[in-house]
Amino acid sequence: MQDDYDTPWKDMLEEYFKDFMKFFFPVPARNIDWSKKHTFLDKELSRIVQDAKIGKRFADKLVKVWRKDGKEEWVLIHVEVQGYYEPSFAKRLYIYNYRIFDKYNKRPVTLAVFADENKNWRPDEYKDQLWGYKISVKFPSVKLLDYAKQWDKLKASKNRFAIVVMAHLKTKETKGNYKSRKIWKMTLLKMLYEKGYKKQDIINLFGFIDWLMRLPKELEKSFIEEISQHEEDKKMPYITSVERFGVEKGIQQGILQGKQQGILQGIRQGKQQGKQQGMLTSIKEVIIETLEIRFEKVPFSILQKINELNDIAKLKKIHKSAVTEPSIESFRLNL
């Protein structure tokens, strides 16, 4: 069973960027004016780096934020979550940094999160010099492995990225040991309730945990049974409700069976709601089936966004993208 870190990390960065900054990079976080809306520039970043050699990473984001001190109205934060050892990592970030500067004439702040398993690999600077000419770029970074020694602090933290880090660490730790993973998955789920998060946060964070900490079919079934009992005891049917996945009940059934076909089953239920709904449903089915044929594995966040759309013209454009885009990531950017 292949663990997937990419999609859930991207979703969490977008959903809880403020928490991300406060948890990992408190100094710049304190200097951002959070009363002003931050903006993700994914399409712009994709164009900036499209011809560069890409290393294996979980997520990268370019975010426009506003400063508190008023010295400069807005700045760009480039976040890189790196999942594997890459010899030229620091050089690549330097290249991205000056390309961003060249495009916007704004000084970008590059931040790195190392999610790999090599405890000694911690690049944080790129240098070069020739004949008296020197360049040097140093970027703040954190190593997720370091947080394994701070488990009690993670448990006590109310920051939602504490849960993200715990789930990531335990997914790595339980690779190939799914019985242990199931125990930790249930432990983290219970923490969501114990920390007093709001209902939507519990749903969002469990979505991250559920995607990251994948279980074989037989263990997943017993895990869901335990969730049901726990929610019954708590009188909080959040996860086992339709809202666990944010779409119709057919999706839940499909997930429990370990099949994305549940998405299609949920969508097809809409055909009972009239001709217009039936047309929407048919287009969604075609889009999803096209993506599955072309890319096999379609991230759940993409399936969810497709299912939430109710504009026929928009869906037709998305279908064209499903046919023509070269990768699932480029399709996501046009969704």
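Taking residue 43 as the anchor, which aspartates and glutamates have their alpha carbon closer than 12 Å to its alpha carbon, excluding any fewer than eight residues away along the same chain?
Qualifying aspartates and glutamates at Cα under 12 Å: 60, 329.
Using a 10 Å cut-off around each Cβ, can you sort 67, 332 from fewest to most neighbouring Cβ atoms?
67, 332
Obtain the nm distance between the two label points defined at residue 18 and residue 296 by a simple spin-label model: each point lies 7 Å from its Cα along the Cα-to-C-beta direction.
About 4.1 nm separates the two model spin labels.
Net charge near residue 216: determine it from the other residues with C-beta under 11 Å of the C-beta of residue 216, scoring Lys and Arg +1 and Asp and Glu -1.
Working: positive: 179, 181, 182, 214, 217, 221; negative: 218, 220.
Around residue 216, the charge tally is +4.
Using a 10 Å cut-off on Cβ atoms, rank the peptides 148-155, 168-175 from the highest mean neighbour count down.
Result, highest mean first: 168-175, 148-155.
If each residue of separation counts as 0.36 nm, what is the full-extension length gain between residue 310 and residue 158 once their alpha-carbon separation is subtracted? Please list the in-between numbers first.
On the way: separation 152, 0.36 × 152 = 54.72 nm, distance 3.60 nm.
Using 0.36 nm per residue and subtracting the Cα-Cα distance, I get 51.1 nm.
For 294, 181, what ranking results if the residue with the fewest other Cβ atoms within 10 Å of its Cβ goes first? Could you put the intermediate results ahead of the total?
Details: 294 15, 181 24.
Ascending number of Cβ neighbours within 10 Å: 294, 181.
What ranking, highest mean first, results for peptides 80-87, 129-136 when packing means the other Cβ atoms within 10 Å averaged over each residue?
Working: 80-87: 18.2, 129-136: 7.9.
Highest mean packing first, the order is 80-87, 129-136.
Past 26 Å, Cα to Cα, is the threshold; run 37/149; 179/234; 10/199 against it and keep the listed order. Can you show the working numbers first?
On the way: 37/149 34 Å; 179/234 24 Å; 10/199 21 Å.
Flagged as over cut-off: 37/149.
Less than 16 Å apart at the alpha-carbon level, and either on another chain or at least 8 residues along: which aspartates and glutamates does that give for residue 195?
Straight-line reach from residue 195, under 16 Å: 19, 152, 231.
Once phi is turned into ³J(HN,Hα) by the Karplus curve 6.51 cos²θ - 1.76 cosθ + 1.60 with θ = phi - 60°, what whole-Hz value does each residue of region 296-312 show in order, with x for glycine and proline?
My calculation for region 296-312 gives 6, 9, 10, x, 4, 4, 6, 4, 5, 5, 4, 5, 7, 6, 9, 10, 4 Hz in order.
Projected onto the charge dipole of region 6-145 (+1 at Lys/Arg Cβ, -1 at Asp/Glu Cβ, origin at the Cα centre), which of 85, 115, 32 gives the Cα projection farthest towards the positive end?
32
Values in this text are rule-based calculations from the coordinates and carry no lab data. Quick caveat, the model's predicted, so the values are computed rather than measured. Here Cβ is always computed from backbone atoms with ideal geometry, including for glycine, and neighbour counts include all displayed protein chains.
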